Amino acid sequence: MENFKSGRWLMINHPHIRKNMKCTLICSYVMLAASIVSYSQKQYRIDEILDSIQAANPVGKMYDAEIRSMDEAAKGAKSWMPPEVGAGFFMTPYNSQRWKKMSDMEPGMGSFMISLQQMFPNPKKLNADAAYMQSMSGATRELKATALNEIYAQAKKAYYEWVVIEKKQAVLNENEKVLEFMIKNAEIRYRNGLEKINAYYKAKAALGNIQNMRVMLENESVQKRITLNTLMFRDKDLIFTIDTTPVIKDFTNYVFDNSLFAANRTDIKAIDREIFTNQLRQQAERLNLKPQFGIRYEHMVTFGAQPQQFTLMGMVRLPFVSWASRMSKANIESYRWRTEALINQMKMLLNEVSGMATGMRSELETKKKQIMLYENNIIPALRNNYKTMMLAYEQNTEELFMLFDAWETLNMTQNEYLDQLQQLQTMQVELERILQIRN
(Lines give C-alpha, C1' and ligand atoms only; values in the text may rest on other atoms or scores of the structure.)
Protein backbone atom coordinates (compact mmCIF):
# COMPACT_ATOMS: atom_id res chain seq x y z
CA MET A 1 0.00 0.00 0.00
CA GLU A 2 2.81 2.38 0.90
CA ASN A 3 4.55 1.52 -2.33
CA PHE A 4 1.37 2.26 -4.24
CA LYS A 5 0.96 5.64 -2.53
CA SER A 6 4.58 6.55 -3.04
CA GLY A 7 4.40 5.50 -6.66
CA ARG A 8 1.26 7.54 -7.15
CA TRP A 9 2.98 10.54 -5.51
CA LEU A 10 5.95 10.14 -7.81
CA MET A 11 3.68 9.95 -10.87
CA ILE A 12 1.80 13.09 -9.91
CA ASN A 13 4.96 15.01 -9.13
CA HIS A 14 6.80 13.87 -12.23
CA PRO A 15 7.61 17.07 -14.19
CA HIS A 16 6.19 15.84 -17.52
CA ILE A 17 2.99 14.58 -15.90
CA ARG A 18 2.52 17.81 -13.94
CA LYS A 19 3.08 19.83 -17.12
CA ASN A 20 0.49 17.79 -19.01
CA MET A 21 -2.02 18.12 -16.16
CA LYS A 22 -1.45 21.88 -16.08
CA CYS A 23 -2.03 22.16 -19.83
CA THR A 24 -5.16 20.03 -19.51
CA LEU A 25 -6.55 22.28 -16.76
CA ILE A 26 -5.76 25.44 -18.72
CA CYS A 27 -7.44 24.04 -21.84
CA SER A 28 -10.47 23.05 -19.78
CA TYR A 29 -10.78 26.54 -18.35
CA VAL A 30 -10.39 28.11 -21.80
CA MET A 31 -13.04 25.82 -23.27
CA LEU A 32 -15.37 26.54 -20.35
CA ALA A 33 -14.89 30.30 -20.72
CA ALA A 34 -15.45 30.06 -24.47
CA SER A 35 -18.63 28.05 -23.94
CA ILE A 36 -19.90 30.59 -21.40
CA VAL A 37 -19.19 33.50 -23.78
CA SER A 38 -20.80 31.63 -26.65
CA TYR A 39 -23.86 30.84 -24.55
CA SER A 40 -24.15 34.46 -23.39
CA GLN A 41 -24.20 35.77 -26.96
CA LYS A 42 -27.86 36.01 -27.77
CA GLN A 43 -28.96 35.28 -31.30
CA TYR A 44 -31.28 37.90 -32.79
CA ARG A 45 -33.76 37.56 -35.60
CA ILE A 46 -34.51 40.56 -37.77
CA ASP A 47 -37.98 41.06 -36.24
CA GLU A 48 -36.45 41.19 -32.74
CA ILE A 49 -33.99 43.85 -33.87
CA LEU A 50 -36.79 45.91 -35.42
CA ASP A 51 -38.84 45.61 -32.21
CA SER A 52 -35.85 46.86 -30.23
CA ILE A 53 -35.42 49.81 -32.60
CA GLN A 54 -39.09 50.72 -32.29
CA ALA A 55 -38.91 50.61 -28.49
CA ALA A 56 -35.56 52.29 -27.86
CA ASN A 57 -34.53 54.48 -30.79
CA PRO A 58 -34.91 58.19 -29.84
CA VAL A 59 -36.41 59.08 -33.22
CA GLY A 60 -39.76 57.64 -32.14
CA LYS A 61 -39.59 59.42 -28.78
CA MET A 62 -38.74 62.69 -30.54
CA TYR A 63 -41.84 62.48 -32.71
CA ASP A 64 -43.97 61.39 -29.73
CA ALA A 65 -42.89 64.51 -27.84
CA GLU A 66 -43.69 66.71 -30.83
CA ILE A 67 -47.11 65.09 -31.20
CA ARG A 68 -47.79 65.60 -27.49
CA SER A 69 -46.74 69.24 -27.85
CA MET A 70 -49.28 69.82 -30.63
CA ASP A 71 -52.04 67.98 -28.78
CA GLU A 72 -51.42 70.01 -25.64
CA ALA A 73 -51.55 73.23 -27.65
CA ALA A 74 -54.86 72.14 -29.20
CA LYS A 75 -56.47 71.97 -25.73
CA GLY A 76 -56.53 75.76 -25.62
CA ALA A 77 -58.18 76.19 -29.01
CA LYS A 78 -61.60 77.12 -27.54
CA SER A 79 -60.32 79.84 -25.26
CA TRP A 80 -62.17 83.16 -25.19
CA MET A 81 -60.58 86.54 -25.49
CA PRO A 82 -59.60 87.83 -22.02
CA PRO A 83 -61.94 90.34 -20.36
CA GLU A 84 -60.85 93.97 -20.19
CA VAL A 85 -61.13 95.78 -16.87
CA GLY A 86 -60.60 99.49 -16.35
CA ALA A 87 -60.85 102.02 -13.52
CA GLY A 88 -60.40 105.77 -13.28
CA PHE A 89 -62.02 109.18 -12.99
CA PHE A 90 -64.89 110.00 -15.34
CA MET A 91 -65.85 113.59 -16.26
CA THR A 92 -64.20 114.91 -13.15
CA PRO A 93 -63.20 118.61 -12.89
CA TYR A 94 -59.59 119.48 -12.18
CA ASN A 95 -60.72 121.65 -9.31
CA SER A 96 -61.28 119.21 -6.48
CA GLN A 97 -63.41 121.77 -4.64
CA ARG A 98 -66.09 121.20 -7.29
CA TRP A 99 -66.29 117.54 -6.32
CA LYS A 100 -68.21 118.43 -3.16
CA LYS A 101 -71.85 119.34 -2.92
CA MET A 102 -72.16 123.10 -2.92
CA SER A 103 -75.90 123.34 -2.20
CA ASP A 104 -79.13 121.50 -2.80
CA MET A 105 -79.30 123.12 -6.19
CA GLU A 106 -75.64 122.53 -7.02
CA PRO A 107 -74.40 118.96 -6.33
CA GLY A 108 -70.78 117.96 -6.71
CA MET A 109 -69.28 117.05 -10.07
CA GLY A 110 -67.32 113.98 -11.31
CA SER A 111 -67.20 110.28 -10.55
CA PHE A 112 -64.89 107.31 -10.24
CA MET A 113 -65.69 104.70 -12.89
CA ILE A 114 -65.07 100.92 -12.99
CA SER A 115 -65.47 99.25 -16.41
CA LEU A 116 -65.64 95.66 -17.64
CA GLN A 117 -65.65 94.56 -21.26
CA GLN A 118 -65.93 91.05 -22.74
CA MET A 119 -66.06 89.90 -26.38
CA PHE A 120 -68.00 86.69 -27.09
CA PRO A 121 -66.40 84.48 -29.75
CA ASN A 122 -68.38 82.85 -32.50
CA PRO A 123 -68.96 79.19 -31.47
CA LYS A 124 -68.41 78.07 -35.07
CA LYS A 125 -65.08 79.89 -35.09
CA LEU A 126 -64.03 78.16 -31.84
CA ASN A 127 -64.99 74.76 -33.23
CA ALA A 128 -63.12 75.47 -36.46
CA ASP A 129 -59.98 76.53 -34.57
CA ALA A 130 -60.19 73.43 -32.38
CA ALA A 131 -60.60 71.10 -35.36
CA TYR A 132 -57.69 72.74 -37.14
CA MET A 133 -55.33 72.55 -34.16
CA GLN A 134 -56.34 69.00 -33.25
CA SER A 135 -55.57 67.88 -36.81
CA MET A 136 -52.05 69.32 -36.80
CA SER A 137 -50.50 66.30 -35.06
CA GLY A 138 -51.98 63.88 -37.62
CA ALA A 139 -49.29 64.56 -40.22
CA THR A 140 -46.57 64.27 -37.57
CA ARG A 141 -47.86 60.84 -36.54
CA GLU A 142 -47.50 59.67 -40.12
CA LEU A 143 -44.04 61.23 -40.40
CA LYS A 144 -42.98 59.28 -37.31
CA ALA A 145 -43.80 56.03 -39.11
CA THR A 146 -41.92 57.31 -42.18
CA ALA A 147 -38.79 58.05 -40.12
CA LEU A 148 -38.94 54.63 -38.46
CA ASN A 149 -39.37 52.99 -41.87
CA GLU A 150 -36.08 54.55 -43.00
CA ILE A 151 -34.33 53.26 -39.87
CA TYR A 152 -35.84 49.80 -40.36
CA ALA A 153 -34.43 49.77 -43.90
CA GLN A 154 -30.95 50.66 -42.59
CA ALA A 155 -31.17 47.89 -39.99
CA LYS A 156 -32.37 45.26 -42.48
CA LYS A 157 -29.65 46.21 -44.97
CA ALA A 158 -26.94 45.85 -42.30
CA TYR A 159 -28.51 42.62 -41.02
CA TYR A 160 -28.65 40.87 -44.40
CA GLU A 161 -25.18 42.08 -45.33
CA TRP A 162 -24.02 40.46 -42.10
CA VAL A 163 -25.80 37.23 -43.12
CA VAL A 164 -23.81 37.14 -46.36
CA ILE A 165 -20.59 37.91 -44.48
CA GLU A 166 -21.22 34.91 -42.22
CA LYS A 167 -21.73 32.70 -45.28
CA LYS A 168 -18.54 34.02 -46.86
CA GLN A 169 -16.67 33.21 -43.66
CA ALA A 170 -18.04 29.66 -43.77
CA VAL A 171 -16.77 29.33 -47.36
CA LEU A 172 -13.37 30.66 -46.25
CA ASN A 173 -13.16 28.05 -43.48
CA GLU A 174 -13.93 25.28 -45.95
CA ASN A 175 -11.44 26.62 -48.50
CA GLU A 176 -8.73 26.94 -45.87
CA LYS A 177 -9.00 23.24 -45.08
CA VAL A 178 -8.88 22.36 -48.78
CA LEU A 179 -5.79 24.48 -49.41
CA GLU A 180 -4.00 23.13 -46.34
CA PHE A 181 -4.65 19.63 -47.67
CA MET A 182 -3.29 20.60 -51.10
CA ILE A 183 -0.16 22.18 -49.60
CA LYS A 184 0.66 19.25 -47.30
CA ASN A 185 0.00 16.70 -50.03
CA ALA A 186 2.08 18.67 -52.55
CA GLU A 187 5.00 18.86 -50.11
CA ILE A 188 4.98 15.09 -49.71
CA ARG A 189 4.71 14.50 -53.44
CA TYR A 190 7.41 17.04 -54.23
CA ARG A 191 9.83 15.31 -51.88
CA ASN A 192 9.06 12.06 -53.70
CA GLY A 193 9.49 13.71 -57.10
CA LEU A 194 5.81 13.29 -58.00
CA GLU A 195 4.72 16.95 -58.09
CA LYS A 196 5.76 20.23 -59.69
CA ILE A 197 6.39 23.20 -57.43
CA ASN A 198 4.49 25.97 -59.33
CA ALA A 199 0.98 24.95 -58.24
CA TYR A 200 2.27 24.56 -54.69
CA TYR A 201 3.17 28.24 -54.51
CA LYS A 202 -0.16 29.24 -56.02
CA ALA A 203 -1.90 27.29 -53.26
CA LYS A 204 0.27 29.00 -50.62
CA ALA A 205 -0.60 32.42 -52.04
CA ALA A 206 -4.29 31.52 -52.14
CA LEU A 207 -4.12 30.47 -48.48
CA GLY A 208 -2.60 33.85 -47.62
CA ASN A 209 -5.38 35.61 -49.53
CA ILE A 210 -7.96 33.65 -47.58
CA GLN A 211 -6.41 34.74 -44.30
CA ASN A 212 -6.38 38.33 -45.53
CA MET A 213 -10.01 38.05 -46.60
CA ARG A 214 -10.93 36.63 -43.19
CA VAL A 215 -9.49 39.72 -41.49
CA MET A 216 -11.53 41.97 -43.80
CA LEU A 217 -14.73 40.00 -43.25
CA GLU A 218 -14.28 39.98 -39.48
CA ASN A 219 -13.94 43.76 -39.55
CA GLU A 220 -17.06 44.09 -41.73
CA SER A 221 -18.93 41.81 -39.34
CA VAL A 222 -17.95 44.04 -36.40
CA GLN A 223 -19.05 47.13 -38.33
CA LYS A 224 -22.49 45.62 -39.02
CA ARG A 225 -22.87 44.70 -35.36
CA ILE A 226 -21.95 48.24 -34.33
CA THR A 227 -24.47 49.63 -36.83
CA LEU A 228 -27.27 47.47 -35.43
CA ASN A 229 -26.35 48.29 -31.82
CA THR A 230 -26.39 51.98 -32.73
CA LEU A 231 -29.82 51.73 -34.33
CA MET A 232 -31.09 49.81 -31.27
CA PHE A 233 -29.67 52.65 -29.12
CA ARG A 234 -27.56 50.52 -26.83
CA ASP A 235 -23.90 49.78 -26.04
CA LYS A 236 -22.03 49.76 -29.37
CA ASP A 237 -19.67 46.98 -28.20
CA LEU A 238 -22.44 44.61 -27.11
CA ILE A 239 -21.78 41.26 -28.76
CA PHE A 240 -24.56 39.16 -30.27
CA THR A 241 -25.13 36.81 -33.20
CA ILE A 242 -27.80 36.69 -35.88
CA ASP A 243 -29.88 34.09 -37.64
CA THR A 244 -28.00 33.46 -40.90
CA THR A 245 -30.96 32.00 -42.77
CA PRO A 246 -31.64 34.23 -45.81
CA VAL A 247 -35.26 35.23 -46.38
CA ILE A 248 -36.42 35.56 -49.98
CA LYS A 249 -39.90 37.06 -50.39
CA ASP A 250 -42.35 36.97 -53.28
CA PHE A 251 -43.76 40.27 -54.55
CA THR A 252 -45.40 39.01 -57.74
CA ASN A 253 -48.92 39.26 -56.30
CA TYR A 254 -48.63 42.96 -55.46
CA VAL A 255 -50.54 45.36 -57.70
CA PHE A 256 -48.62 48.62 -57.75
CA ASP A 257 -51.47 51.08 -58.13
CA ASN A 258 -52.15 54.34 -56.29
CA SER A 259 -54.48 52.71 -53.78
CA LEU A 260 -51.70 50.40 -52.52
CA PHE A 261 -49.25 53.23 -51.92
CA ALA A 262 -51.92 55.54 -50.50
CA ALA A 263 -52.76 52.82 -47.98
CA ASN A 264 -49.18 51.82 -47.09
CA ARG A 265 -46.96 54.87 -47.49
CA THR A 266 -47.11 57.07 -44.41
CA ASP A 267 -45.38 59.97 -46.17
CA ILE A 268 -48.31 60.05 -48.60
CA LYS A 269 -50.71 59.79 -45.67
CA ALA A 270 -48.85 62.71 -44.07
CA ILE A 271 -49.45 64.86 -47.17
CA ASP A 272 -53.12 63.86 -47.13
CA ARG A 273 -53.36 64.83 -43.45
CA GLU A 274 -51.63 68.12 -44.21
CA ILE A 275 -54.15 68.81 -46.99
CA PHE A 276 -56.97 68.16 -44.52
CA THR A 277 -55.35 70.44 -41.92
CA ASN A 278 -54.88 73.14 -44.55
CA GLN A 279 -58.56 72.97 -45.49
CA LEU A 280 -59.57 73.31 -41.84
CA ARG A 281 -57.21 76.26 -41.50
CA GLN A 282 -58.83 77.87 -44.52
CA GLN A 283 -62.29 77.33 -43.02
CA ALA A 284 -61.17 78.91 -39.73
CA GLU A 285 -59.81 81.89 -41.64
CA ARG A 286 -63.15 82.35 -43.41
CA LEU A 287 -64.90 82.46 -40.05
CA ASN A 288 -62.56 85.29 -39.04
CA LEU A 289 -64.64 87.46 -41.38
CA LYS A 290 -67.80 86.88 -39.33
CA PRO A 291 -68.89 89.61 -36.90
CA GLN A 292 -67.97 89.21 -33.26
CA PHE A 293 -70.20 90.44 -30.45
CA GLY A 294 -69.37 91.74 -26.99
CA ILE A 295 -70.67 93.64 -23.98
CA ARG A 296 -69.36 96.58 -21.98
CA TYR A 297 -70.49 97.53 -18.47
CA GLU A 298 -69.41 100.64 -16.61
CA HIS A 299 -70.27 101.67 -13.05
CA MET A 300 -69.74 105.25 -11.79
CA VAL A 301 -69.21 106.06 -8.12
CA THR A 302 -70.27 109.73 -8.21
CA PHE A 303 -69.11 112.63 -6.06
CA GLY A 304 -71.07 115.32 -4.24
CA ALA A 305 -74.42 113.55 -3.62
CA GLN A 306 -74.99 112.66 -7.27
CA PRO A 307 -76.96 109.48 -7.99
CA GLN A 308 -74.99 106.31 -8.82
CA GLN A 309 -74.76 105.72 -12.56
CA PHE A 310 -73.95 102.88 -14.95
CA THR A 311 -73.48 102.19 -18.64
CA LEU A 312 -74.39 98.92 -20.37
CA MET A 313 -73.48 98.65 -24.05
CA GLY A 314 -73.49 95.93 -26.65
CA MET A 315 -70.63 95.89 -29.14
CA VAL A 316 -69.91 94.23 -32.47
CA ARG A 317 -66.70 93.93 -34.44
CA LEU A 318 -66.96 94.07 -38.22
CA PRO A 319 -63.89 92.29 -39.66
CA PHE A 320 -65.52 91.92 -43.09
CA VAL A 321 -65.20 95.58 -44.04
CA SER A 322 -62.76 96.13 -46.89
CA TRP A 323 -60.03 97.87 -44.90
CA ALA A 324 -60.03 95.15 -42.17
CA SER A 325 -60.53 91.98 -44.23
CA ARG A 326 -57.52 92.15 -46.54
CA MET A 327 -55.29 89.91 -44.41
CA SER A 328 -57.92 87.22 -43.89
CA LYS A 329 -58.80 87.14 -47.60
CA ALA A 330 -55.11 86.93 -48.50
CA ASN A 331 -54.63 84.01 -46.09
CA ILE A 332 -57.65 82.21 -47.53
CA GLU A 333 -56.21 82.51 -51.03
CA SER A 334 -52.78 81.41 -49.79
CA TYR A 335 -54.23 78.29 -48.17
CA ARG A 336 -56.10 77.46 -51.38
CA TRP A 337 -52.88 77.47 -53.40
CA ARG A 338 -51.07 75.59 -50.64
CA THR A 339 -53.69 72.84 -50.93
CA GLU A 340 -53.20 72.76 -54.68
CA ALA A 341 -49.45 72.38 -54.22
CA LEU A 342 -49.92 69.52 -51.72
CA ILE A 343 -52.28 67.68 -54.07
CA ASN A 344 -49.75 67.85 -56.89
CA GLN A 345 -46.97 66.80 -54.51
CA MET A 346 -49.00 63.71 -53.61
CA LYS A 347 -49.56 62.88 -57.28
CA MET A 348 -45.86 63.30 -58.00
CA LEU A 349 -44.87 61.06 -55.09
CA LEU A 350 -47.41 58.38 -56.04
CA ASN A 351 -46.12 58.33 -59.60
CA GLU A 352 -42.50 58.22 -58.45
CA VAL A 353 -42.85 55.36 -55.95
CA SER A 354 -45.04 53.39 -58.36
CA GLY A 355 -42.34 53.55 -61.02
CA MET A 356 -39.58 52.74 -58.53
CA ALA A 357 -41.46 49.74 -57.14
CA THR A 358 -42.29 48.35 -60.59
CA GLY A 359 -38.68 48.65 -61.76
CA MET A 360 -37.33 47.22 -58.52
CA ARG A 361 -39.64 44.22 -58.67
CA SER A 362 -38.59 43.46 -62.26
CA GLU A 363 -34.92 43.65 -61.26
CA LEU A 364 -35.61 41.53 -58.19
CA GLU A 365 -37.25 38.77 -60.22
CA THR A 366 -34.30 38.76 -62.64
CA LYS A 367 -31.88 38.46 -59.73
CA LYS A 368 -33.90 35.56 -58.31
CA LYS A 369 -33.55 33.68 -61.61
CA GLN A 370 -29.80 34.26 -61.54
CA ILE A 371 -29.62 32.97 -57.96
CA MET A 372 -31.55 29.83 -58.93
CA LEU A 373 -29.15 29.20 -61.83
CA TYR A 374 -26.22 29.41 -59.43
CA GLU A 375 -27.89 27.12 -56.89
CA ASN A 376 -29.31 24.52 -59.28
CA ASN A 377 -26.86 24.43 -62.20
CA ILE A 378 -23.61 26.35 -61.98
CA ILE A 379 -22.35 25.62 -58.46
CA PRO A 380 -23.39 21.91 -58.43
CA ALA A 381 -21.61 21.35 -61.77
CA LEU A 382 -18.42 23.06 -60.59
CA ARG A 383 -18.53 21.19 -57.28
CA ASN A 384 -18.84 17.89 -59.13
CA ASN A 385 -15.93 18.94 -61.34
CA TYR A 386 -13.86 19.70 -58.24
CA LYS A 387 -14.77 16.35 -56.65
CA THR A 388 -13.79 14.55 -59.85
CA MET A 389 -10.44 16.33 -59.92
CA MET A 390 -9.89 15.56 -56.24
CA LEU A 391 -10.56 11.87 -56.84
CA ALA A 392 -8.23 11.84 -59.85
CA TYR A 393 -5.55 13.69 -57.85
CA GLU A 394 -5.77 11.18 -55.02
CA GLN A 395 -5.35 8.42 -57.60
CA ASN A 396 -2.31 10.22 -59.08
CA THR A 397 -3.95 10.65 -62.49
CA GLU A 398 -4.16 14.47 -62.27
CA GLU A 399 -1.71 17.11 -61.17
CA LEU A 400 -2.15 19.64 -58.38
CA PHE A 401 -2.41 22.43 -60.96
CA MET A 402 -5.62 20.97 -62.38
CA LEU A 403 -7.08 20.39 -58.92
CA PHE A 404 -6.19 23.95 -57.89
CA ASP A 405 -7.78 25.32 -61.05
CA ALA A 406 -11.01 23.41 -60.34
CA TRP A 407 -11.04 24.64 -56.75
CA GLU A 408 -10.29 28.23 -57.79
CA THR A 409 -13.14 28.26 -60.31
CA LEU A 410 -15.54 26.85 -57.70
CA ASN A 411 -14.37 29.36 -55.09
CA MET A 412 -14.78 32.35 -57.42
CA THR A 413 -18.24 31.17 -58.44
CA GLN A 414 -19.31 30.70 -54.82
CA ASN A 415 -18.20 34.26 -54.02
CA GLU A 416 -20.03 35.55 -57.09
CA TYR A 417 -23.14 33.70 -55.91
CA LEU A 418 -22.89 35.26 -52.43
CA ASP A 419 -22.41 38.71 -53.99
CA GLN A 420 -25.54 38.11 -56.08
CA LEU A 421 -27.38 36.98 -52.94
CA GLN A 422 -26.35 40.18 -51.15
CA GLN A 423 -27.58 42.27 -54.10
CA LEU A 424 -30.87 40.36 -54.00
CA GLN A 425 -31.28 41.03 -50.27
CA THR A 426 -30.46 44.72 -50.78
CA MET A 427 -33.07 45.00 -53.56
CA GLN A 428 -35.62 43.27 -51.35
CA VAL A 429 -34.93 45.68 -48.49
CA GLU A 430 -35.28 48.64 -50.86
CA LEU A 431 -38.59 47.33 -52.23
CA GLU A 432 -39.86 46.79 -48.68
CA ARG A 433 -38.81 50.35 -47.88
CA ILE A 434 -40.76 51.65 -50.88
CA LEU A 435 -43.83 49.58 -49.98
CA GLN A 436 -43.25 50.38 -46.29
CA ILE A 437 -43.36 46.75 -45.23
CA ARG A 438 -41.63 46.21 -41.89
CA ASN A 439 -41.00 42.47 -41.99
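So which of Ala77, Ala73 is buried (at least 16 other Cβ atoms within 10 Å of the Cβ), modelled with pLDDT under 90 and either touching a helix residue (DSSP H, G or I) at 6+ places or on another chain (Cβ under 8 Å) or assigned by TED's automatic domain parsing to the domain that holds Gly138 (or both)?
Step by step, each of Ala77, Ala73 is checked, and only Ala77 is buried (at least 16 other Cβ atoms within 10 Å of the Cβ), modelled with pLDDT under 90 and either touching a helix residue (DSSP H, G or I) at 6+ places or on another chain (Cβ under 8 Å) or assigned by TED's automatic domain parsing to the domain that holds Gly138 (or both).
Which of the residues that make up the range 421-438 are of a type outside the set (S, T, N, Q) and part of a helix (DSSP H, G or I)?
Leu421, Leu424, Met427, Val429, Glu430, Leu431, Glu432, Arg433, Ile434, Leu435
Quick check, is Val85 modelled with pLDDT of 50 or more, of a type in the set (Val, Ile, Thr), surrounded by 10 or more Cβ atoms within 10 Å (Cβ to Cβ) and not in a helix (DSSP H, G or I)?
In short, yes.
Kindly list, by first and then second residue, each pair from a residue in the range 82-100 that is under 14 Å from Phe310 (Cα atoms) to a residue that is assigned to a loop (DSSP other than H, G, I, E, B), limited to pairs with Cβ atoms under 8 Å and residues at least 6 apart or on different chains.
Every condition considered, the pairs that remain are Phe89/Gly110; Phe90/Gly110; Met91/Met109; Met91/Gly110.
Across the range 292-326, what is the number of residues that are free of Cβ contacts under 8 Å to residues at least 40 places away in the same chain and touching a Leu at 6+ places or on another chain (Cβ under 6 Å)?
3
Determine, yes or no, whether Ser137 is within 30 Å of Ala74 (Cβ to Cβ) and within 37 Å of the chain's Cα centre (by Cα).
So Ser137 passes the test.
Determine whether the range 226-241 contains at least one residue that is of a type in the set (Lys, Arg), surrounded by 12 or more Cβ atoms within 10 Å (Cβ to Cβ) and assigned to a helix (DSSP H, G or I).
No: zero hits.
Checking Gly208 against (1) closer than 30 Å to Glu187 by Cα; (2) free of Cβ contacts under 8 Å to residues at least 12 places away in the same chain; (3) in contact with a helix residue (DSSP H, G or I) (Cβ under 7 Å, 6 or more places away or on another chain), which test does it fail?
(3)
Give just the number: which of (1) surrounded by fewer than 16 Cβ atoms within 10 Å (Cβ to Cβ); (2) of a type in the set (A, V, I, L, M); (3) within 27 Å of the chain's Cα centre (by Cα) does Ile434 not satisfy?
Condition not satisfied by Ile434: (1).
Can you pull out every residue in the range 391-413 that is within 50 Å of the chain's Cα centre (by Cα) and among the aliphatic types (A, V, I, L, M)?
Of everything in the range 391-413, those that are within 50 Å of the chain's Cα centre (by Cα) and among the aliphatic types (A, V, I, L, M) turn out to be Leu403, Ala406, Leu410, Met412.
Taking the range 115-145 only, how many residues are in a helix (DSSP H, G or I) and surrounded by 17 or more Cβ atoms within 10 Å (Cβ to Cβ)?
Summing the residues that are in a helix (DSSP H, G or I) and surrounded by 17 or more Cβ atoms within 10 Å (Cβ to Cβ) in the range 115-145 gives 19.
Restricting attention to the range 243-271, report how many residues are touching a helix residue (DSSP H, G or I) at 6+ places or on another chain (Cβ under 7 Å) and assigned to a helix (DSSP H, G or I).
Residues in the range 243-271 being touching a helix residue (DSSP H, G or I) at 6+ places or on another chain (Cβ under 7 Å) and assigned to a helix (DSSP H, G or I): 10 in total.
Only one residue in Ala406, Ala341 is assigned to a helix (DSSP H, G or I), without any contact (Cβ under 8 Å) to a residue 24 or more places away in the chain and either out of contact with any strand residue (DSSP E or B) (no Cβ under 6 Å at 6 or more places or on another chain) or of a type in the set (S, T, N, Q) (or both). Which one?
Ala341
For the range 346-362, give me each residue that is surrounded by 16 or more Cβ atoms within 10 Å (Cβ to Cβ) and touching a Phe, Trp or Tyr at 6+ places or on another chain (Cβ under 7 Å).
Listed by number, the residues that qualify are Leu350, Val353, Ser354, Ala357, Arg361.
The values are calculated or read from the model by the stated rules, or taken from the named source; none is laboratory data. Only a predicted model underlies this, so the values are computations on that prediction, with no experimental measurement involved. Positions of Cβ are generated from backbone atoms using ideal geometry, with glycine treated the same way; all protein chains shown enter the neighbour counts.
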